[in-house]
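Right, one structure below, let's go through it.
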Amino acid sequence: MPSLPDVATPDVVTLAERAAAAQSHDPHVADVALKPAFFDWLCRMGDNSLILGHRISEWCGHGPVLEEDIALANTALDLIGHTQMWLGLAAEVEGAGRSADDLAFLRDAMKFRNLKLVELPNGDMAVTLMREFLFDAFHFELLTALTKSSSPRVAEIAAKALKEVSYHLERSSDLVVRLGDGTEESHTRMQAALNKVWGYTGEMFAADAVDAAVAEAGIAPALSDLLPLWQRTVGEVLDEATLSQPEQRFDAHSGGKKGRHTEHLGYILAEMQFLQRAYPGASW
Amino acid sequence: MYAQMVKSEGMKSPEEMTPEERAFQERVDRGEKIEPKEWMPEGYRKTLIRQMGQHAHSEIVGQLPEGNWITRAPTLERKAILLAKVQDEAGHGLYLYSAAETLGVSRDELMEKLHSGAMKYSSIFNYPTLTWADMGAVGWLVDGAAIMNQVPLQRTSYGPYSRAMIRICKEESFHQRQGYAIMMKMAQGTPEQKEMAQDALNRFWYPSLMMFGPSDKDSVHSAQSMAWKIKMNTNDELRQKFVDETVPQATYLGLTVPDETLTWNEERGHYDFAEPDWDEFFEVIKGNGPCNEERLGARREAWDKGAWFRDGLTAYAEKAAARRAASNVAAE
Ligand SMILES: [Fe+2]
Ligand SMILES: [Fe+2]
Ligand SMILES: [Fe+2]
């Protein structure tokens with residue numbers, strides 16, 4: 001091999017084997033009765049990260065200021081990292097020989113389990129930030145609870161992701177405050193953004209049979225427990241930002257968790273899955 | 001290179017120099033680093049601002065051709081690696097703008113010059129990225145060519161520039177390796193993937209050679225920059241080094257460099273190779289390359305559409321400072 005060092009060193013394989021051996025034993029992973037709900041729930045976790053990460057990554061190189069460009073790319077990168085972990089575990093639980101990449105790149109929209117909130121178009125930075133903040137505030141509480149999951153594998157992933165998501169929330173809430181209480185224009189844009197995405201936030205807390213099953217197994221918290229925590233954070237930040245909570249229902253739009261999406265998701269997937277669809281079986 | 005055709009001030013002989021200039025040149029000759037607060041010739045400062053500014057602009061405009069494929073990356077791992085790489089490039093821009101600021105020019109001033117067209121960025125980023133193999137070719141060839149120039153610049157005479165280069169070079173070798181890894185997968189992949197890989201090499205080979213700029217062995221500007229150690233090698237030296245290192249890498253991939261005249265010259269110990277089309281290069285520099293309008297347009301649009309965002313943050317900072325001052329007064 002000429003001068004350029006080889007990337008595919010055999011160490012990688014050894015490292016991966018060692019990492020696999022070090023993974024905690026988790027009885028939930030092989031629990032047949034729990035499998036359909038656990039798999040679905042893991043897809044929800046992975047798909048939220050994947051689709052939000054995709055949206056945020058669309059900003060790359062187009063941010064309003066260099067520091068913001070870096071922070072947005074970094075957030076997207078964290079979310080893609082979480083996707084690899086959640087969908088990796090989902091694939092393992094499913095046990096059908098699919099990989100995290102198969103789940104990301106070869107499922108169609110009706111099999112995606114993300115919230116409608118995260119697939120909404122970026123709009124301006126106000127919409128992007130407000131959407132992220134409202135999700136971050138939920139994501140943070142959810143991951144915090146998941147670090148105490150009865151599933152050691154879930155708890156491990158949550159602990160890793162929580163470190164990064166704590167920072168996401170810190171950053172997005174800080175920016176919401178600054179821009180809400182900035183100029184008249186930035187205030188108006190932030191309020192308009194809040195009004196636009198508000199009706200999509202209730203879906204985060206709408207529990208169904210899947211949520212009930214994983215809560216029952218002690219894997220995940222009851223979503224209703226997270227709601228007051230989220231409301232407190234959101235209330236405080238919006239107050240400080242001099243923004244007012246919209247009067248419309250916060251649960252006007254839902255269905256994403258069950259695979260009923262907005263029209264936008266199809267286009268996201270068309271773009272994201274293009275290479276895997278155009279060249280089936282190729283390795284990249 | 002990332003800084004192409006940077007004009008330097010005219011070269012002076014030791015007898016023409018003032019005592020200050022002579023003392024400065026002696027420090028540079030001894031390999032001492034020049035630090036921001038220290039005396040330096042005006043020409044040195046101006047040339048450095050042009051060069052570092054152009055380099056910084058190249059890093060941030062350079063996000064665009066690769067950013068073009070982030071949402072279409074074929075696997076989660078490739079997506080993560082590409083995001084990390086493009087994020088690094090933005091970070092390089094930030095180090096370089098900060099280093100340039102130590103010379104008394106603000107980032108906003110430099111940005112304005114980029115947007116008005118008064119300052120350039122590397123010609124290479126005016127070429128389109130058409131297939132996934134281009135992510136391989138850009139990392140392998142473009143970051144590879146950048147490394148050729150940036151490794152020696154770690155020893156440049158200006159302290160902040162040299163330190164920025166040391167940080168940047170650490171990341172650039174990862175960039176080149178991830179690009180080569182993509183190329184390897186493609187070149188060993190399906191016939192379609194191999195075709196994309198060869199096509200990417202065909203399109204990026206000559207633009208990569210152009211990155212080093214036209215021959216400057218007789219240029220007075222380059223001679224002055226080299227005496228000041230803000231340019232460490234001639235363009236031809238770096239281009240030759242790049243070709244010598246890259247050709248065996250292409251062979252290893254099983255790809256063909258699109259140059260029929262390419263031959264190993266036993267006597268020189270180097271490859272003989274064809275010059276790129278310098279007319280094309282000058283057209284691209286003038287703004288007539290395939291993507292100049294898109295690239296500069298995207299940067300201007302990001303800046304203009306981001307004005308309310310930047311203004312909002314500034315207004316908040318002012319209000320917060322006023323509130324702090326008021327509460328201090330109240331406390332007294
Ligand atoms: Fe760079
Ligand atoms: Fe670069
Ligand atoms: Fe790079």
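Just so it is clear, none of the values below were taken in a lab; they were calculated from the coordinates. Every value quoted in this text rests on a predicted model; they were computed, and no experiment measured them. Heads up, the Cβs are rebuilt from the backbone with ideal geometry, glycines too, and the neighbour counts pull from every protein chain shown.
Suppose each label sits 7 Å from its Cα in the direction of the beta carbon; what would the residue A:195-residue B:294 distance come out to in nanometres?
Placing both labels 7 Å beyond Cα along the Cβ direction yields 3.6 nm.
When the Debye formula is applied to the Cα atoms of region B:186-332, each taken as the same point scatterer, what base-10 log of I(q)/I(0) results at q = 0.10, 0.14, 0.21 Å⁻¹?
-0.62, -0.90, -1.27
To the nearest 0.05, what FRET efficiency results for residue B:106 and residue A:212 with a Förster distance of 51 Å applied to their C-beta separation?
After rounding to 0.05, the efficiency reads 0.35.
Once label points are set 7 Å from the Cα along Cα→Cβ at both residue A:17 and residue A:160, what is their separation, rounded to one decimal in nm?
2.1
Just tell me how shielded B:62-74 is by partners: mean number of partner chain Cβ atoms within 10 Å of each residue's Cβ, no decimals.
Whole-number average of other-chain Cβ neighbours for B:62-74 is 6.
Sorted from fewest to most neighbouring beta carbons within 10 Å, what does the list B:60, A:70 look like?
A:70, B:60
Using 31 Å as the Cα-Cα cut-off, could you pick out the over-long pairs in A:116/B:170; B:7/B:305; B:113/B:217; A:196/B:79?
Correct reply: A:116/B:170; B:7/B:305.
Give the distance, in whole Å, between the Cα centre of region B:1-44 and the Cα centre of region B:202-240.
19
Order by neighbour count: B:282, B:242, A:105, fewest other Cβ atoms within 10 Å first, most last.
Fewest to most other Cβ atoms nearby, the residues stand as B:282, A:105, B:242.
Please compute the Kirkwood hydrodynamic radius over region A:29-278, one decimal place, Å, based on all pairs of different Cα atoms.
That comes to 18.3 Å for region A:29-278.
Over all directions, the average projected area of the alpha-carbon convex hull for region B:118-216 comes to how many nm²? List each step's numbers first, then the result.
Numbers: hull surface 29.4 nm².
About 7.4 nm², averaged over all directions.
Taking the Cβ of residue B:187 as the center, what net charge do the other residues with Cβ under 11 Å away carry, scoring Lys and Arg +1 and Asp and Glu -1?
So the surrounding residues net to +1.
Principal axis extents for region A:232-280, Cα atoms only, whole Å, descending order, please.
51, 21, 16
Using only alpha carbon pairs under 8 Å that are at least six residues apart, calculate the relative contact order of chain B and give it in whole percent.
On the way: 409 pairs, mean separation 67.9, N = 332.
Averaging sequence separation for qualifying contacts and normalising by length gives 20 percent for chain B.
Let me check I've understood the local charge: for residue B:270, count other residues with C-beta under 13 angstrom from its C-beta, Lys and Arg +1, Asp and Glu -1. What total comes out? Don't jump to the answer; show the numbers that get you there.
Working: positive: B:239, B:241, B:268; negative: B:236, B:237, B:244, B:245, B:266, B:267, B:272.
For residues surrounding residue B:270, the net value is -4.
Please name whichever of A:95, B:159, A:143 sits farthest to the positive end of the charge dipole of the protein assembly as shown, dipole taken about the Cα centre and charges placed at Cβ: Lys and Arg +1, Asp and Glu -1.
In the protein assembly as shown, that residue is A:143.
For A:82, B:115, what's the fewest-to-most ordering of other Cβ within 10 Å of each Cβ? Walk me through the numbers before you get to the answer.
Working: A:82 26, B:115 15.
Ordered by Cβ neighbours within 10 Å, fewest first: B:115, A:82.
Taking beta carbons within 10 Å but only from partner chains, what does the mean come to for residues A:50-57?
3
Taking the Cβ of residue B:235 as the center, what net charge do the other residues with Cβ under 10 Å away carry, scoring Lys and Arg +1 and Asp and Glu -1?
0
Describe numerically, in nm with one decimal, the distance between label points set 7 Å from Cα along Cα→Cβ at residue A:35 and at residue A:277.
2.9
Whole number please: convex hull volume per residue of the Cα set in the protein assembly as shown, in Å³? Mind dumping the intermediate values first?
Values: hull volume 113.6 nm³, N = 616.
Taking the convex hull of the Cα positions in the protein assembly as shown, it is 184 Å³ per residue.
Based on DSSP H runs of at least 4 residues, each adding -39500 (n - 2.57), what is the mean residue ellipticity at 222 nm of chain A after dividing by all its residues, to the nearest 500 deg cm²/dmol?
Result for chain A: -21000 deg cm²/dmol, rounded to the nearest 500.
As a test of the formula, what do you get for chain B when each DSSP H run with n ≥ 4 contributes -39,500 (n - 2.57) and the sum is divided by the residue count, at 222 nm and rounded to the nearest 500 deg cm²/dmol?
Numbers: 14 runs with 208 residues, N = 332.
Per the formula, -20500 deg cm²/dmol.
Within 10 Å of each Cβ of B:111-123, how many other protein chain Cβ atoms are there on average? Intermediate results must be reported in sequence, preceding the final value.
Working: counts 2, 0, 0, 0, 0, 0, 0, 0, 0, 0, 0, 0, 0.
Rounded to a whole number, the mean comes out at 0.
Within 10 Å, count the other beta carbons around each residue, average over each peptide in B:155-163, B:24-32, A:227-235, A:252-260, and list them highest first. Please report the intermediate quantities before stating the final value.
Details: B:155-163: 20.6, B:24-32: 13.9, A:227-235: 15.4, A:252-260: 17.7.
In descending order of packing, they fall as B:155-163, A:252-260, A:227-235, B:24-32.
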